[in-house]
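Asks: Before anything else, here's the structure in question.
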């Protein structure tokens, strides 16, 4: 890069899977116009990192140990207003995409995205352009609006593997009674006989 070249775009990565995060950092660092300024594994670490580095782009996973990427994107808007967010996830479903777009997230891609596609997406998001996986966009249009609130959808997602109420409560950082209320409300909205059926309906519709 010559003295007349524009400065590299500053990027931070937030993903709790160390191997994936390291691989992403290595791949993006091969691009002359991109500079990975830091990595984080949790929502709290990610928020601190963005506050310090003030990057142009933050690449965020959805599932984090202490929250999710959409909550982090909302915090980043306050901590570093100029930073634009790109969600990179293995949970690429319509319900998440709709929530992301409502929050002003510009990029939403699956982790099956190639290194070249990701680099192009980072540049586009930095320039203020929206980058959405086309298959997911089509699914989202077809899925209709979810009747679930974001928190109801989260609790159903945590219940998807058959976890007990106390496990769901720990995962969602909620009281057990609150979890039961959210599950009951979700079941009623989806006209499901139980939470397992509610999960199946929500999954089929792409709402979780």
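The values are calculated or read from the model by the stated rules, or taken from the named source; none is laboratory data. All values derive from a computational prediction rather than experimental measurement. Here Cβ is always computed from backbone atoms with ideal geometry, including for glycine, and neighbour counts include all displayed protein chains.
Asks: Given the structure, is residue 145 out of contact with any helix residue (DSSP H, G or I) (no Cβ under 7 Å at 6 or more places or on another chain), surrounded by fewer than 20 Cβ atoms within 10 Å (Cβ to Cβ) and part of a loop (DSSP other than H, G, I, E, B)?
Replies: Spelling it out, residue 145 is indeed out of contact with any helix residue (DSSP H, G or I) (no Cβ under 7 Å at 6 or more places or on another chain), surrounded by fewer than 20 Cβ atoms within 10 Å (Cβ to Cβ) and part of a loop (DSSP other than H, G, I, E, B).
Asks: Residues of the stretch 37-71 being assigned to a loop (DSSP other than H, G, I, E, B), within 13 Å of residue 12 (Cα to Cα) and touching a helix residue (DSSP H, G or I) at 6+ places or on another chain (Cβ under 6 Å), which ones?
Replies: Correct list: 56, 61.
Asks: Looking at 84, 75, which is the one that is surrounded by fewer than 19 Cβ atoms within 10 Å (Cβ to Cβ) and touching a helix residue (DSSP H, G or I) at 6+ places or on another chain (Cβ under 9 Å)?
Replies: Testing whether each residue is surrounded by fewer than 19 Cβ atoms within 10 Å (Cβ to Cβ) and touching a helix residue (DSSP H, G or I) at 6+ places or on another chain (Cβ under 9 Å) leaves just 75.
Results for (1) surrounded by 15 or more Cβ atoms within 10 Å (Cβ to Cβ); (2) at pLDDT 95 or above; (3) in contact with a strand residue (DSSP E or B) (Cβ under 8 Å, 6 or more places away or on another chain); (4) within 19 Å of residue 207 (Cα to Cα), shown as yes or no for each residue.
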residue	(1), (2), (3), (4)
31	yes, yes, no, no
56	yes, yes, yes, no
68	yes, no, no, yes
100	yes, no, yes, yes
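Residue-by-condition table, conditions (1) surrounded by 14 or more Cβ atoms within 10 Å (Cβ to Cβ); (2) free of Cβ contacts under 8 Å to residues at least 24 places away in the same chain:
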position	(1), (2)
155	yes, no
162	no, no
169	yes, yes
186	yes, no
191	no, yes
206	yes, no
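Asks: Ok, one more. Pick from 63, 54: which is on the phi > 0 side of the Ramachandran plot and touching a residue at least 40 places away in the same chain (Cβ under 8 Å)?
Replies: It is 54.
Asks: Can you say whether residue 124 is in contact with a strand residue (DSSP E or B) (Cβ under 7 Å, 6 or more places away or on another chain), surrounded by fewer than 18 Cβ atoms within 10 Å (Cβ to Cβ) and assigned by TED's automatic domain parsing to the domain that holds residue 28, as far as the supplied structure shows?
Replies: yes
Asks: Against the definition (under 21 Å from the mean Cα position of the chain (by Cα), surrounded by 20 or more Cβ atoms within 10 Å (Cβ to Cβ) and assigned to a helix (DSSP H, G or I)), how does residue 179 come out, yes or no?
Replies: Judged against the criteria, residue 179 is not a match.
Asks: Determine if the stretch 162-173 includes at least one residue that is over 26 Å from residue 65 (Cα atoms) and part of a loop (DSSP other than H, G, I, E, B).
Replies: No, there is no match, as no residue in the stretch 162-173 is over 26 Å from residue 65 (Cα atoms) and part of a loop (DSSP other than H, G, I, E, B).
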